[in-house]
1. Rank these for me by crowding, F35, F66, going from fewest to most other beta carbons within 10 Å.
2. If you fit an axis through the alpha-carbon atoms of helix 27-65 and take the longest principal axis of the Cα set of the chain, what angle between them do you get, 0 to 90°, nearest 10?
3. Please determine, in degrees from 0 to 90 and to the nearest 10, the orientation of helix 2-21 with respect to the longest principal axis defined by the Cα atoms of the chain, where the helix direction is its Cα long axis.
4. Okay, helix-only estimate at 222 nm for the chain: each DSSP H run of n ≥ 4 adds -39500 (n - 2.57), divide by all residues, round to 500 deg cm²/dmol; what do you get?
5. Using +1 on the beta carbon of Lys and Arg, -1 on that of Asp and Glu, and nothing else charged, what's the dipole of region 2-65 about the Cα centre, debye to 20?
6. Given all pairs of different Cα atoms, what value in angstroms does the Kirkwood hydrodynamic radius of the chain take?
7. How much length would be gained if the chain were fully extended between Q29 and I2, taking 0.36 nm per residue of separation minus their Cα-Cα distance, in nm to one decimal?
Amino acid sequence: MIQKLIDTRSFIEESWAELQRVTWPDYEQLKNATFVIIVFSIIVALIIWIMDLSSRTVIDLILRIFGA
């Protein structure tokens, strides 16, 4: 039990020390990263939409050919 408390305290101290060494982004870096993520998400959504549309078209074509 005491060892777990010692390990927990050590973990918290090491985590706090690590957080002090982190270089946090400034506002401009954060804004640019957010913009890149939004643009990337839109591009991925468009790619998925195009794939869905094309597969639906192919399946409809196959079903029309076989009279379903």
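Derivation of every value follows stated rules applied to the coordinates shown; laboratory data play no part. Since this is a predicted model, take the numbers as computed values, not measurements. Because the Cβ atoms are built from the backbone with ideal geometry, glycine has one as well, and the counts that use them run over all protein chains shown.
1. Details: F35 10, F66 7.
Ranked by crowding around the Cβ, least crowded first: F66, F35.
2. Computed tilt is about 30 degrees.
3. 70
4. -31500 deg cm²/dmol
5. Details: 6 positive and 8 negative charges, 56 e Å.
Here the size comes out at about 260 debye.
6. After inverting the pairwise mean of 1/r, the radius is 17.5 Å.
7. 5.4 nm
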